[in-house]
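To start, the structure under review is shown below, and the notes come after it.
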Amino acid sequence: MDSYIESVYEGIKEKDPDQPVFHQAALEVLETLEPAIKKFPKYKEFAILERIVEPERIIQFRVPWTNKDGKIQVNRGFRIQYNSAIGPYKGGLRFHPTVNQGMLKFLGFEQTFKNSLTGLPMGGGKGGSDFNPKGKTDNEVERFCTSFMMELYRHIGQFIDVPAGDIGVGAREVGYLYGAYGKITNLHGTCVLTGKGRTFGGSLIRPEATGYGTVYFVQEMLKTRKDDMKGKTVCISGSGNVAQYATEKCTQLGAKVISLSDSSGWIHDPDGIDTKKLAWVMDLKNVRRGRIKEYAEHFKVDYSAKGSPWSVKCDISLPSATQNEVDAKEAKALVDNGVIAVGEGANMPCVPEAVEIFQEAKVLYAPGKAANAGGVSTSGLEMAQNSMRFFWTREEVDAKLHQIMANIHQIAYETSEKFGDKGNYVLGANIGGFLKVADSMIAMGYLS
Ligand code: NDP
Ligand code: 2IT
C-alpha cells in the first residue's frame, strides 16, 4: 500500500481502535484510491484523505421514552454529519441494537461516495439509535420516534441534513418522525426527511427504489456480457424493504427468486417467490411484523435457522440484509455453484475476502455504494419534487431512477477502465465517487 494511504489508515485505527466496521469500510475505499492518489498529487498536498475520513460533526444524544408499562427507557441517538462538500448531509437512520458510533461512521463514510455517484447534490450522513423496534407496540415506537426528534430537529433541515430510513426505520417510523418535526418546528412541507408517506410529500417509487435500483444495476452489468435477467435463478437475503422490492423487480424481469431470510433463519422456495407469495411476505413483514419462518410453514417449503441462502445454487446473488453477511466460505460456495453476478442491496454485506473471491473468479460484483444507490437517488428525487411543490408520476420517477442507475454503472465501469482494472466495480465506484467530493473540497478551501 502507498505510504500516504497507509499512514491515513493507521491514523484511523489509532484514534478509534474500537470501530472495526469503520476500519473495514475505510480500508476498502483507501486501498482502491491508490491509482488516483498517484496520478493526482494534489489530493495528498491538500490532505484530502485525512479530511475525508473524519466526519465533519458527530451528534450523540439521550433518547428517553416510556414503554407500554409506563416505565422510562433510555436509548442513545446519533447523527453523523460526514461530508457536506457537494450538498446537505443525506443518509438514513438505522434503529437496531448494534448501532453505535463506529457502525454509523462506516455507513456515513460509504454514503458520502454513494451520494456523489448519484450525480445529485447530496453530501453524506447517517444516524440512528440502539433502539430495537422489534416486538414494540406502535405506540412505543411512536413515543420513541417523538423523543428522538425532540433532539434531532435542531440539527436537520432541507439545506442542512435530510435523514431517511434504513434498517428498522420504514414508512411507520418516518411518519412519526415527520409528524413530530412539524409539531416541534411549525415548519410544514419542507423536505427535512425523505421516504415520507405518499399523502404528505413522499415520492412515488421511493419504497421500491433500493431494490429496483439494485436489479437495474445488475442488468447493466449483465449487458456488458450480452446477458440479461430473463430465466435467471436469484438468491436474496433479508426480507425487509430492499429484499422485497428486489424480489419484485427480478420477477417482473422474468427471473426466479428462490430465497429470503431474516435474522432468525432463511427459506428456500425452489418454485420461486411469485407475485402472490411476495404480497404475502409484504403483509407478514410490513403489517403483521412476523418472522420468515412462517413463510415456510404457510407455503410448505424448507426453512433453516442455520447457514444462509448462499449454499443454494443460483445465477445471481443479491445480499440485502446487513453488513458482513457473506463470508469467504459462502462466497466460495456461490462461485462453485456457478454464480454469474453479485449485487449488494445491503451496505457492505460481503467481507473483504468474499469480494476477492468474486473478483478472482471474474464474477460480476457490484459494491453496495453503486448497486444500492437507487434508494438515496430517489430520496434526492423526493427532495427535488418537494422543492417544486409538485409530483412526478410513477413512470417518470422510475425512468429517472433507471437512468441514474445506468449512469452510475457507466461511471464505475469507465473509471475502472481509466484507472487500469476494467470491470473492477469496487475500484470504479470508489474513485468515481471520490473525485467529485475531493475536487469540491479543494475548490472550497481548507475549511471544507
Ligand atoms: P429492513 O429493516 O427493512 O430489513 C432488514 C432485513 O435484514 C430484515 O429481514 C432483517 O431481519 C435483516 N437483518 C437485519 N439485521 C440483521 C442481522 N444483523 N443479521 C441478519 N439479518 C439481519 O432494512 P432495509 O431492507 O431497508 O435494509 C437492508 C440493507 O439495505 C441494510 O444494509 C441497509 O443499510 C441497506 N440499504 C437500505 C436502503 C433503503 O432505502 N432502505 C438504501 C440502501 C441500502 P430481522 O427483521 O430479523 O432483523
Ligand atoms: O444506505 C442508504 O443509502 C439508505 N439507507 C438510504 C438513504 C436515503 O437518504 O435515502
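The values are calculated or read from the model by the stated rules, or taken from the named source; none is laboratory data. Quick caveat: nothing in here was measured; it's all calculated off a predicted structure. Cβ coordinates were reconstructed from backbone atoms using ideal geometry, including for glycine residues, and neighbour counts include every protein chain displayed.
Would you mention how many residues in region 197-209 are under 11 Å from Asn386 (Cα atoms) and either in contact with a strand residue (DSSP E or B) (Cβ under 8 Å, 6 or more places away or on another chain) or not hydrophobic (A, V, I, L, M, F, W, C) (or both)? Steps first, answer last, please.
Applying the first criterion (under 11 Å from Asn386 (Cα atoms)) to region 197-209 yields 200-203.
If we keep only those that are either in contact with a strand residue (DSSP E or B) (Cβ under 8 Å, 6 or more places away or on another chain) or not hydrophobic (A, V, I, L, M, F, W, C) (or both) too, we end up with 201-203.
The qualifying residues number 3.
Pick out the one residue from Ala384, Ala321 that is within 14 Å of ligand 1 (Cβ to nearest atom), closer than 28 Å to Leu93 by Cβ and out of contact with any Asp or Glu (no Cβ under 7 Å at 6 or more places or on another chain). Steps first, answer last, please.
Numbers: Ala384 fails: within 14 Å of ligand 1 (Cβ to nearest atom).
Criteria check complete, one pass: Ala321.
Yes/no per residue for (1) surrounded by 24 or more Cβ atoms within 10 Å (Cβ to Cβ); (2) in a strand (DSSP E or B):
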{"position": "Ala296", "(1), (2)": "no, no"}
{"position": "Trp310", "(1), (2)": "yes, no"}
{"position": "Lys313", "(1), (2)": "no, no"}
{"position": "Ser317", "(1), (2)": "yes, yes"}
{"position": "Ser320", "(1), (2)": "yes, no"}
{"position": "Asn324", "(1), (2)": "no, no"}
{"position": "Glu330", "(1), (2)": "no, no"}
{"position": "Ala333", "(1), (2)": "no, no"}
{"position": "Ala346", "(1), (2)": "yes, no"}
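Of the conditions (1) small (Gly, Ala, Ser); (2) part of a strand (DSSP E or B); (3) within 23 Å of Gly433 (Cα to Cα), Ser7 fails just one. Which one is it?
Ser7 satisfies every listed condition except (2).
Quick test for you: out of Tyr212, Tyr295, pick the one residue that is of a type outside the set (S, T, N, Q), in contact (Cβ under 8 Å) with a residue 12 or more places away in the chain and out of contact with any strand residue (DSSP E or B) (no Cβ under 7 Å at 6 or more places or on another chain). Full working, then the answer.
Values: Tyr295 fails: out of contact with any strand residue (DSSP E or B) (no Cβ under 7 Å at 6 or more places or on another chain).
Just one listed residue meets the conditions, Tyr212.
I'd like the residue in region 88-112 that is among the aromatic types (Phe, Trp, Tyr) and in a helix (DSSP H, G or I) and, out of all such residues, is nearest to ligand 1 (Cβ to nearest atom). Give the steps one after another, and end with the answer.
Within region 88-112, the subset among the aromatic types (Phe, Trp, Tyr) is 89, 95, 106, 109.
Those still in the list that are in a helix (DSSP H, G or I) too: 106, 109.
Details: Phe106: 10, Phe109: 13 Å.
Step by step, filter region 88-112, then rank; the result is Phe106.
Exactly one of these conditions fails for Gly157: (1) within 13 Å of ligand 1 (Cβ to nearest atom); (2) more than 17 Å from Arg62 (Cβ to Cβ); (3) small (Gly, Ala, Ser). Give me its number.
Of (1) within 13 Å of ligand 1 (Cβ to nearest atom); (2) more than 17 Å from Arg62 (Cβ to Cβ); (3) small (Gly, Ala, Ser), only one is false for Gly157: (1).
If Thr190 passes every condition in (1) at pLDDT below 95; (2) touching a Leu at 6+ places or on another chain (Cβ under 8 Å) but one, which one does it miss?
Tallying (1) at pLDDT below 95; (2) touching a Leu at 6+ places or on another chain (Cβ under 8 Å), Thr190 fails exactly one: (2).
Considering only residues that are in contact with a helix residue (DSSP H, G or I) (Cβ under 8 Å, 6 or more places away or on another chain) and either away from ligand 1 (no atom under 16 Å from the Cβ) or of a type in the set (Phe, Trp, Tyr) (or both), which ones fall in region 357-373? Walk me through how you get there before you give the answer.
From region 357-373, those in contact with a helix residue (DSSP H, G or I) (Cβ under 8 Å, 6 or more places away or on another chain) are 357-359, 361, 363-373; that's our starting set.
The answer is Ile357, Phe358, Gln359, Ala361, Val363, Leu364, Tyr365.
For residues that are more than 13 Å from ligand 2 (Cβ to nearest atom) and assigned to a helix (DSSP H, G or I), scanning just region 359-381, find the one that is nearest to Gly92 (Cα to Cα). Talk me through it step by step, then tell me what you get.
Start the filter on region 359-381 by keeping residues that are more than 13 Å from ligand 2 (Cβ to nearest atom), which leaves 359-366.
Among the residues that remain, those that are also assigned to a helix (DSSP H, G or I) are: 359-360.
Values: Gln359: 29, Glu360: 33 Å.
Per the criteria, the residue is Gln359.
So which of Ser311, Ser237 is touching a helix residue (DSSP H, G or I) at 6+ places or on another chain (Cβ under 6 Å), modelled with pLDDT of 95 or more and within 14 Å of ligand 1 (Cβ to nearest atom)?
On the way: Ser311 fails: within 14 Å of ligand 1 (Cβ to nearest atom).
Sole residue among the options that is touching a helix residue (DSSP H, G or I) at 6+ places or on another chain (Cβ under 6 Å), modelled with pLDDT of 95 or more and within 14 Å of ligand 1 (Cβ to nearest atom): Ser237.
Six or more apart or on different chains, Cβ under 9 Å: which pairs go from a residue in region 151-166 that's at pLDDT 95 or above to one that's assigned to a strand (DSSP E or B) and among the β-branched types (Val, Ile, Thr)? Could you list them?
The qualifying pairs are Glu151/Ile59; Glu151/Val63; Leu152/Ile59; His155/Ile59; Ile156/Val162; Pro163/Val169.
For region 180-189, indicate whether the set of residues that are basic (Lys, Arg) and either within 16 Å of ligand 1 (Cβ to nearest atom) or under 22 Å from the mean Cα position of the chain (by Cα) (or both) is non-empty. Explain how you work it out, then say what you get.
Going residue by residue through region 180-189, those that are basic (Lys, Arg) are 183.
Those left that are additionally either within 16 Å of ligand 1 (Cβ to nearest atom) or under 22 Å from the mean Cα position of the chain (by Cα) (or both): none.
Taking every residue of region 180-189 in turn, none turns out to be basic (Lys, Arg) and either within 16 Å of ligand 1 (Cβ to nearest atom) or under 22 Å from the mean Cα position of the chain (by Cα) (or both).
Taking region 298-336, which residues are free of Cβ contacts under 8 Å to residues at least 60 places away in the same chain, of a type in the set (D, E, K, R) and more than 22 Å from Phe106 (Cβ to Cβ)?
Lys300, Asp302, Lys306, Lys329, Lys332, Asp336
Would you pick out the residues in region 240-268 that are hydroxyl-bearing (Ser, Thr, Tyr), more than 16 Å from ligand 2 (Cβ to nearest atom), out of contact with any His (no Cβ under 9 Å at 6 or more places or on another chain) and without any contact (Cβ under 8 Å) to a residue 60 or more places away in the chain? Outline the logic, then answer.
Step one: filter region 240-268 for residues hydroxyl-bearing (Ser, Thr, Tyr), giving 245, 247, 251, 259, 261, 263-264.
Keeping just the survivors that are more than 16 Å from ligand 2 (Cβ to nearest atom) gives 247, 251, 259, 261, 263-264.
Checking which are out of contact with any His (no Cβ under 9 Å at 6 or more places or on another chain) leaves us with 247, 251, 261, 263-264.
Answer for region 240-268, where residues must be hydroxyl-bearing (Ser, Thr, Tyr), more than 16 Å from ligand 2 (Cβ to nearest atom), out of contact with any His (no Cβ under 9 Å at 6 or more places or on another chain) and without any contact (Cβ under 8 Å) to a residue 60 or more places away in the chain: Thr247, Thr251, Ser263, Ser264.
Scanning for something closer than 23 Å to His155 by Cβ, within 16 Å of ligand 2 (Cβ to nearest atom), outside any helix (DSSP H, G or I) and of a type in the set (D, E, K, R), does region 184-207 turn up at least one residue?
Yes, region 184-207 contains a residue that is closer than 23 Å to His155 by Cβ, within 16 Å of ligand 2 (Cβ to nearest atom), outside any helix (DSSP H, G or I) and of a type in the set (D, E, K, R).
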